[in-house]
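Readers should treat all values here as calculations from the given coordinates under stated rules, not as data from a laboratory. From a predicted model like this one, the values you see are computed outputs, not experimental measurements. We place every Cβ from the backbone using ideal geometry, glycine too, and count neighbours over all the protein chains shown.
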Amino acid sequence: MRTLRFLLQKEFRQILRSRSLLISIILGPVIQLTLLPLAANFEVKKIAVAVVDHDHSTYSNKLIAKIYASKYFSGGTYHSSYEAANKMIEQNKADIILEIPQGFERNLVREGHEEVYVAVNAINGTKAGVGSGYLGAIVADFNQDVRLQWNQPGHFSEAPTIDVVNANWYNPFMSYFLFMVPGLIVSLLTGIGAFSASLNIVKEKEIGTIEQINVTPIKKHHFILGKLIPYWVLSMFVFTIGMLVSRFAYGIVPVGNIGLLYGFLSAYLITLLGAGLLISTYSDTQQQAVSLAFFFVLVFNMISGVFTSIDSMPDWGKALSYLSPMSHFAAVMRMVVLKGSTFHDIQPHFIAIIILGIVFNTWAVLNYRKTT
Amino acid sequence: MSNIAIQADKLTKRFDDFTAVDAITFDVRQGEIFGFVGANGAGKTTAMRILCGLSIPTSGTATVAGFDVYKDAEKIKKNIGYMSQKFSLYEDLTVMENITFYAGIYGLSNQEIKDRGAELLTRLGIEHEAKTFVASLPLGWKQKLAFSVAVIHRPKIVFLDEPTGGVDPVTRRQFWDLIYEAADRGITVFVTTHYMDEAEYCNRVSVMVDGRIDAFDTPANLKKKFSVESMNEVFYQLARGAKRKAD
Amino acid sequence: MKNAVWKQLYAFIQKEFYHVFRDRKTLLMLFGIPIAQVLLFGFVLSNEIKNSKIVVCDYAKDYASQEIIRKIEASKYFNVQKATLTHDQIEASLRSGDIKMAVIFPADFYSDLSHLNKAQIQVIADASDPNTATTLSNYLTSIINDYQAEALAQTKKPYSIIPQVKMLYNPELLGAPNFVPGVMALVLMLICAMMTAVAIVKEKEMGTMEILLVSPLKPYLVIIAKTIPYLLISLLNLAAILLMSVFLLNLAIKGSVILLFAESTLFIISCLALGLLISVGSTSQMSAMMTSQMSLMLPTMMLTGFMFPIENMPFWMQGISYIVPSRYYYTIVKAVMLEGLGFTAIWRETLVLAGITLVLVVINVRSFKIRLA
């Protein structure tokens with residue numbers, strides 16, 4: 001235990017003296033948390049429409065006006081031909097083409113039905129799906145208006161309607177920040193923790209002090225603990241900064257128990273830093289450690305559910321996501337902060353994170369060799 | 001047996017098809033300054049790493065401070081000090097912080113750390129530099145400090161791997177004064193070097209060529225045996241036949 | 001004379017290749033990252049929301065409710081679990097994350113519908129993720145509308161406007177077409193800019209840069225020699241990504257492959273120039289890494305439009321996106337690869353990209369001269 005005390009003293013001194021590390025640890029989260037949420041907004045709005053109106057009638061004008069009035073569509077351009085409108089799509093200046101055929105009004109009134117043509121740039125599948133959905137809804141709405149105008153009461157019986165009553169829990173104003181900021185704190189913490197831990201041992205390898213450590217009677221687990229604890233404390237600190245930024249910049253107050261959150265964080269950090277140290281024991285140079293850490297941080301982020309839905313993944317993707325510690329923390333973070341989930345709710349994640357933590361840390365201790 | 005600090009018998013280390021250390025046999029007596037000389041790449045560092053418990057030998061036997069290198073590497077580590085070729089102090093810690101750290105992990109008490117630290121600084125004449133960062137010390141001072149730190153826990157044996165590389169002759173002389181002082185206190189000194197004038201300072205010397213020990217005696221006896229004036233010439237005669245190229 | 005220069009250059013490039021190819025672990029990462037990304041984006045990740053777990057509480061158990069539930073179950077968007085839960089139980093399931101939504105049919109659903117001509121379905125969504133919540137309620141609403149339309153099939157509605165929707169370029173609305181060009185930009189940025197910066201700073205750290213600069217080879221040739229292996233690795237990576245998207249993701253390259261490679265080479269040069277610029281300003285590998293992360297990787301991920309829609313960003317942030325080279329490259333790759341357009345459609349982006357590259361190269365040459373002076 002005494003040995004550990006001296007190891008910790010030394011690590012803390014080194015960390016507190018490295019000004020660039022401290023700056024990136026304190027400023028990094030503040031800057032990223034103020035910028036990223038502004039960018040990470042997946043809401044689909046401001047869809048640009050290119051209109052080709054061959055009819056130039058009252059109805060076609062009304063339909064177009066109705067579309068432009070919607071908050072989802074950001075105005076649009078008129079074109080004389082489909083080809084001209086298609087150019088706009090090719091130049092990324094339009095997302096959707098609406099083509100109204102000649103005789104639109106006449107056919108609608110006389111024949112009782114008429115078609116309009118919608119072409120959507122579907123490279124971004126989400127935007128295409130949601131955008132065409134909105135457009136369809138507006139057209140249906142317009143259609144209803146037309147019917148009301150032409151139908152005398154009693155002309156045909158009103159169809160029965162089913163009302164869908166929506167209740168949006170936990171985030172009634174549907175704020176995107178509320179969803180993204182906790183996720184981004186997780187992503188940020190994972191990056192900082194994994195990089196600093198994975199660079200740590202390898203740095204001693206590069207400057208040669210590891211040799212000196214290896215001839216001392218230090219126990220392996222003491223050495224690993226001595227490396228782990230300082231970064232654990234540091235990450236706790238980073239997390240606290242993140243929570244403060246989210247409280248004061250975005251007004252996010254955790255609904256659940258903050259103690260529970262810190263409790264889970266403690267376990268998560270042991271797991272994450274263990275994974276970082278594992279990377280460190282496998283690398284010979286800082287460049288290698290960074291490449292490896294970069295790879296894992298990237299994969300962890302992608303499959304974590306922070307940016308995309310885990311439900312939509314195939315089974316093997318879900319399995320992969322389950323093996324990544326970040327997924328569990330991201331889930332718990334959002335559950336506790338937004339929904340006020342209790343210990344009972346997050347228990348499965350707790351168990352998973354503890355098992356992963358034991359695996360990574362044991363592996364790191366075993367793989368750190370004092371002898372060749 | 002009790003006056004033998006290190007004993008090696010047919011000690012061998014192979015990396016794939018390359019034999020770095022080829023069945024070397026020797027013994028080091030307690031309290032002597034033992035020189036391990038040889039050209040670069042002769043296998044000195046590898047042999048030393050085995051004795052320090054950093055590397056496991058392929059075959060042969062060796063004991064250090066009475067402990068077996070295969071079974072008791074961790075016990076050996078409690079009884080030795082080591083100064084590696086690469087500079088081994090933390091540059092971003094101060095002189096005293098380095099002393100405290102290494103003394104601490106060898107299990108010295110706070111009082112011992114304080115007393116021995118102060119004694120060390122006085123001996124090196126750097127009392128006023130206790131709070132200086134190691135990075136800003138001149139190289140010669142760094143090396144003297146590294147040596148003093150390596151023996152702060154008063155080990156039975158201290159291993160020095162080319163300790164004086166890159167320093168000026170005056171500093172080297174001062175460094176050897178520190179080695180003599182340590183030997184006077186009963187610490188066995190095992191030192192590798194390729195400076196032949198340093199070989200002259202040793203009680204006994206073994207000359208390694210291509211992983212083998214080709215000569216092993218006191219400097220005086222070796223010079224007599226090869227009928228030459230200096231260790232330099234002894235070494236030259238032996239190393240001429242080397243097949244391995246220095247790297 | 002000319003011959004000698006080529007020989008020197010060749011020797012240098014050869015040395016650089018040894019450096020790069022002997023470090024197996026780094027090399028593994030250079031190829032591992034793009035492969036993992038394509039596989040993950042292609043098979044694991046999608047912006048589409050499907051298989052969402054919902055619970056349906058049917059207190060009616062009548063003809064209409066069962067018909068609607070059958071339709072919900074048939075949809076790929078929902079993973080339906082049927083149970084009659086109390087309010088508290090629903091809350092517990094939502095809180096533990098077991099379900100994303102609860103759909104409740106009241107006891108008198110069908111009788112209300114047929115007698116009062118009006119019935120209600122209650123939907124409780126976990127809106128902590130607003131996007132998923134909105135999308136799921138939209139899906140549900142359209143299923144219900146569908147049911148109503150079918151129920152009314154006999155009584156045809158007059159005055160119907162029927163939108164004929166056509167999805168261009170990506171009829172199945174897959175995630176991959178959007179991501180692959182983004183991954184290409186990201187990977188090229190990573191290899192060219194970050195790895196080059198680190199490699200050059202490493203030589204600076206070790207002091208070998210000085211030796212190279214006093215060699216008979218002209219300084220700019222030293223720099224060219226250092227960057228060529230990364231250029232080749234990048235092109236190799238590009239080919240790997242394209243092959244994977246064609247054969248694994250079934251994403252055909254609609255435009256000209258040659259044009260794609262030419263535009264990529266232009267982008268790579270701009271990345272290399274960025275990497276060099278970072279190496280000038282950095283003193284340690286660590287700081288080169290951090291600078292690359294903050295000034296290159298982050299803007300590439302955030303401001304090119306492949307992860308987050310640019311139009312939603314604040315105005316000043318959109319402004320910054322105009323000087324990010326990856327933004328133009330991303331647009332070009334989408335146009336050539338997915339829309340099958342020719343050079344005439346992308347000459348503007350190409351021009352801007354070329355302009356940025358030129359500026360970067362000029363700054364590099366300047367700073368290099370200052371360094372030598």
Q) Under a straight-distance cross-link criterion of Cα-Cα below 19 Å, which aspartates and glutamates are reachable from A:Lys318, leaving out those fewer than 8 residues away in the same chain? A) C:Glu48, C:Asp98, C:Asp129
Q: Please report how far the C-alpha centroid of segment B:134-170 lies from that of segment C:314-356, rounded to the nearest whole angstrom.
A: 59 Å
Q. Of A:Leu188, B:Cys202, C:Ile356, which is farthest along the charge dipole of the protein assembly as shown in the positive direction, counting Lys and Arg as +1 and Asp and Glu as -1 at C-beta?
A. B:Cys202
(Q) Between B:Asp9 and B:Glu119, how high is the FRET efficiency from 1/(1 + (r/R0)^6) when r is the Cβ-Cβ distance and R₀ = 35 Å? Nearest 0.05. (A) 0.35
Q) Quick one: if you stick a label point 7 Å off each Cα along the C-beta vector at C:Phe21 and C:Tyr63, how many nm between them? A) 7.6 nm
Q. Under a straight-distance cross-link criterion of Cα-Cα below 18 Å, which aspartates and glutamates are reachable from B:Lys10, leaving out those fewer than 8 residues away in the same chain?
A. B:Asp22, B:Asp27, B:Asp68, B:Asp210, B:Asp214, B:Asp217
Q: List, in the order given, every pair from A:Lys205/C:Lys226; A:Lys10/B:Lys156; C:Lys15/C:Lys218 whose Cα-Cα distance in the structure shown is over 24 Å.
A: A:Lys205/C:Lys226; A:Lys10/B:Lys156
Q) Among A:4-15, B:169-180, A:264-275, how do they line up from the highest to the lowest mean number of other beta-carbon atoms within 10 Å? A) A:264-275, A:4-15, B:169-180
Q | B:Ile4 long-range amide H proximity, modeled H, under 5 Å | A | B:Gln30
(Q) Could you give the length gained by full extension between A:Phe12 and A:Asp315, i.e. 0.36 nm per residue of separation minus their alpha carbon distance, to one decimal place? (A) 104.8 nm
Q: Tell me the label-point distance for the pair C:Lys254, A:Ile351, using the 7 Å Cα-to-Cβ offset, in nm and rounded to one decimal.
A: 4.9 nm
**Q.** At least 15 Å along the helix axis (C-alpha) and Kyte average at least 0.0, DSSP helices within chain B
**A.** B:95-105, B:139-150
(Q) Ignoring everything except DSSP H segments at least 4 long, calculate the 222 nm mean residue ellipticity for the protein assembly as shown; use -39,500 (n - 2.57) per segment, divide by total residues, nearest 500. (A) -18500 deg cm²/dmol
Q. Any idea what angle helix A:258-282 forms with the longest principal axis of chain A, computed on alpha-carbon atoms, 0 to 90 degrees, nearest 10?
A. 70 degrees
Q) How many partner chain Cβ atoms sit within 10 Å of a residue's Cβ in peptide A:302-312, on average, as a whole number? A) 6
Q. Which one of B:Ala23, B:Ala146, B:Phe67 is farthest out on the positive end of the charge dipole of chain B, using unit charges on Cβ (Lys, Arg +1; Asp, Glu -1) and the Cα centre as origin?
A. B:Ala23
**Q.** Stretchable slack from B:Arg154 to B:Asp177, in nm (0.36 nm times residue separation minus alpha-carbon distance)
**A.** 6.6 nm
(Q) Between A:Ala137 and C:Glu311, what's the calculated FRET efficiency when r is the beta-carbon distance and R0 is 25 Å? Round to 0.05. (A) 0.80
Q: For helix C:130-151, report the angle its Cα long axis makes with the longest principal axis of the Cα atoms of chain C; keep it between 0 and 90° and round to the nearest 10°.
A: 40 degrees
(Q) Calculate the FRET efficiency for A:Thr342 and C:His115 from the Cβ-Cβ distance with a Förster distance of 41 Å, rounded to the nearest 0.05. (A) 0.40
Q: Take the cross-link list A:Lys46/A:Lys87; B:Lys77/B:Lys144; B:Lys86/C:Lys204; A:Lys203/B:Lys75 and give me the ones stretching past 23 Å between alpha-carbons.
A: A:Lys203/B:Lys75
(Q) Please compute, for peptide C:111-122, the average count of beta-carbon atoms on other protein chains lying within 10 Å of each residue's beta-carbon. (A) 3
Q | Nearest 10 degrees, 0 to 90: helix C:176-188 Cα axis against chain C principal axis | A | 20 degrees
Q. Between segment B:20-77 and segment C:4-40, what's the alpha-carbon centroid distance in Å?
A. 40 Å
Q.
Suppose the chain between A:Lys71 and A:Lys220 were pulled fully straight at 0.36 nm per residue; how much longer would it get relative to their current alpha carbon spacing?
A. 47.5 nm
**Q.** Those residues of segment A:189-209 whose amide nitrogen sits under 12 Å from the label point placed on C:Leu28, 7 Å along Cα→Cβ
**A.** none
Q | Cα→Cβ-extended label distance, 7 Å offset, between C:Gln14 and B:Asn232, nm | A | 3.9 nm
Q.
With +1 assigned to the C-beta of every Lys and Arg and -1 to the C-beta of every Asp and Glu, and no other charges, what is the dipole magnitude of segment C:52-150 about the Cα centre in debye, to the nearest 20?
A. 200 debye
Q: Would you give the gap between the C-alpha center of segment B:110-131 and the C-alpha center of segment A:258-314, rounded to a whole Å?
A: 44 Å
